[in-house]
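Bear in mind these aren't lab numbers, they're just calculated from the coordinates by the rules spelled out. Since the structure is predicted, the reported quantities are computational estimates derived from the model, not experimental observations. Heads up, the Cβs are rebuilt from the backbone with ideal geometry, glycines too, and the neighbour counts pull from every protein chain shown.
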Amino acid sequence: MGMPRHEALKQLTAKGMPYALEEGLIHDRPCRFFSHAPLTLGDLFRDNCSDETFLVFEDQRLTFNQVYESAVALANGLHQTCGVSHGDRVAISMRNYPEWVIAFMAVTSMGATAVAMNALWQSDEIAYGLKHSGSKVLIADGERLARIAALADELDLVIIGTRQTPQTPKVSHFEFSDLLATHMEGNLDWASVGPDDNATIFYTSGSTGHPKGAVSCHRNIISALFSWELDLAARQLELDITAAPPLAQPATLLAVPLFHATGSHAVYLQSYRAQRKMVCMYRWDPDVAVQLIENERISSFVAPAAMTGDLIEAGKRCGADLSSLLSVGGGGAPRAAAQVASIPETFAQAMPSTGWGMTETNAIGTGIGGDEYLNRPTSSGRCSAVLDIEIVDEQGRALAAGERGELRIRGASIIKGYWDRPDANAEAFDGHWLKTGDVAYLDSEGYLFIVDRIKDLVIRGGENIGCAEVEGALLAQPNIIEASVYAVPDPRLGEEVGATLYVEGSVSETALKTVLAEQIAKFKVPRYFQIQHSPLPRIASGKINKRQLRADALKALGIS
C-alpha cells in the first residue's frame, strides 16, 4: 500500500533529498524551487554528456557527446564570428532538425537568449518576430530563408543558413556546418551565466494581433523539468512502485514542433537527465509515426489530443508491433473520454497521461496519468509542487471546490513577462498571480477540470455553454473522429451552437441531435453542423484551427 500524494511530496522534497525544495525569489516573486537542480541550462547539458544515442533524424544518429561538442563549436562561432554576447537574442527558425537542438544548446549555454520562432510563420510574421525581439542573429533552414529573401536586407542581422538547396535564395552570411567546422577546437569559456538570466523567448500563438514573446529564465525552465521528475517519483510512492532499470535505452518521438513548449520542454529538454533517445519527425504523419515507434522501439509519445487520436487510428489499422510504447502523454487540449479509454486498448503496454500548462508556465501546471486518469478522463490532474493554483470569480475572490471561475497560477516556472509588452504584462498578471484565461474548477481532492477558455464560450439566450463539453459529447459518438464547436450568431438568442465534424462513413444530423439530447442539455446540442470526411485543419501546435472552421461555417451559412 502506498502513501497519499501530499505525504509523498513532503518526503521527496525534504531537506537533503534529491528533490528538496527551498523558498526564494524568482523575478522578485516568492517561489519554491529545487535546491539541487542545475543552475542553468548549460549546466544541464554539460552534466549529461554521454555516448548514448541522443538525436535520430532520418539517417542521422548523434550521441549526447557529439551534439554537445557541436553546440560548443557553434557557441564559439556565434561569439567570435557573429559578435554575439551575453544577453543578445538569437532567433532559431526551422523544422525539427538536429540543428535546432544544437543551436538552442549553444545560445542558452553562452548566456544569450534563444528566440524560438514559429516555423509556420510567413514573411511578415518572421520579420515582426525578429524586429520585435531585437535578434542579432537568425539561424534558419532553407524554407525559412526563402520566406525572408525579399526582406533580408532590411532585417539588419547576421543570417546563418542550414538545410539549403540549390534553389534556396543566397541570403545567409554563414553556413551552419562551416561555422561548426571552423570552431570545433575551441572550448566554451564564457562569463558566468546566472540562473535568473533570460534563457528563452517563446512566441505565443495569440488569436488576434501580433503574438507575444514570453520570456523565461534558466531557473523557470529547469523548475519545470524537475517538476515532471518529482511528479513521477511521487506517483511511484503513491502506488508503492519501485522503478526498475530500463531494459533498453528509453526513446521518445518528437512529433510536435520544438518552437512550442511541449516539444522543447516535455519532449526535448526532459531527454537529457533521462538519457533518452529522441527521434525527430520532419512533419506529422501518423503512418510514419507508427513505423518509427516499431523500428526505433519508442517508449513515450507526447502530443495534443488530435495527434494522439491520429496515432490511435493508425495503430488500429497498421498491425505493427507497438509494444514498446509505455506512455502516451497529452496536453494543449483535452482528450475526449473515449480517446483516453482507447489508449490502453490500442497499445499493449501504454498508459495515458495528460496535463495542463501554458507557454507562460513553461508547460507545467497540473498532471494526471495511469488509472487515476482513466478514472477521471476529463481532469487535467493535480498541481505541481512548485506552483500554486486558485479559482477566482470576476472580482478576484477565491472560490470553493466545485465552483467555476478563472484559473490563476503562480510559482517557480512562471515567465518573467512578455518581451517589450508592458501592456500585456499589466493585463496578464495580478500581483504574483498569472491570469490564465481558462474557466475551471477544482474538486474536493484537488483535481483540476478545465471547462473552457473564458472567450471560448457560446452564450445562448443567457446560458453559458462550454465548447469543450459539447466536443466531448460529439467525440463519444461512433464515426466521429474530430469535432470543433464554436458560436454562430443568432438574431433571437444572441448565439447558437455550431460544430464542424470529421467523420468516417455516414452520420445523420437528425439522429445525432437525438442522441446528444439524451446526453447533454438540449440547449447545448449544436443547431448547425458542417460535416467533412477529412481531418480538421490545425495550427502549428497541433490544435484544431477553430477560428478558420468557424469562419468557413459562417460563410457556408451565409452569415457575415
Residues whose modelled amide H sits under 5 Å from the amide H of GLY437, counting only those 5 or more places away in sequence or on another chain, are LEU407
Taking just the alpha-carbon atoms of region 82-232, what radius of gyration and Dmax come out, in angstrom? 15.8, 49
Region 317-474: relative contact order as a whole-number percent, Cα under 8 Å and 6+ apart: 17
Would you order SER560, SER342, SER300 from fewest to most other beta-carbon atoms within 10 Å of each residue's own beta-carbon? SER560, SER342, SER300
Give me CYS49, CYS383 sorted ascending by neighbouring Cβ count inside 10 Å, so fewest comes first. CYS49, CYS383
21 Å Cα-Cα reach of LYS543 towards lysines, excluding residues that sit fewer than 8 places from it in its own chain: LYS212, LYS455
What list do you get for LEU78, LEU374 if you sort them by fewest beta carbons within 10 Å? LEU374, LEU78
What list of ³J(HN,Hα) couplings, whole Hz, do you get for region 131-142 from phi and the Karplus terms 6.51, -1.76, 1.60, once you set θ to phi - 60° and write x for glycine and proline? 6, 5, 6, x, 5, 8, 9, 10, 10, 9, 8, x
In whole Hz, with x marking every Gly and Pro, tabulate ³J(HN,Hα) for region 247-262 from phi via Karplus 6.51 cos²θ - 1.76 cosθ + 1.60, θ = phi - 60°. 6, 9, 4, x, 9, 10, 9, 8, 10, 9, x, 5, 7, 10, 4, 4
Taking θ = phi - 60°, what integer Hz values does the Karplus form 6.51 cos²θ - 1.76 cosθ + 1.60 yield along region 475-491, in sequence order, with x for Gly and Pro? 5, 7, 8, x, 6, 8, 8, 9, 8, 9, 10, 8, 8, 10, x, 9, x
Relative contact order for region 458-557 using alpha-carbon pairs under 8 Å, separation at least 6, rounded to a whole percent? 26
For all pairs of alpha-carbon atoms in region 458-557, what percent lies in each bin of width 5 Å, listed from the first bin to the last filled one? 2, 13, 25, 26, 21, 9, 3, 0
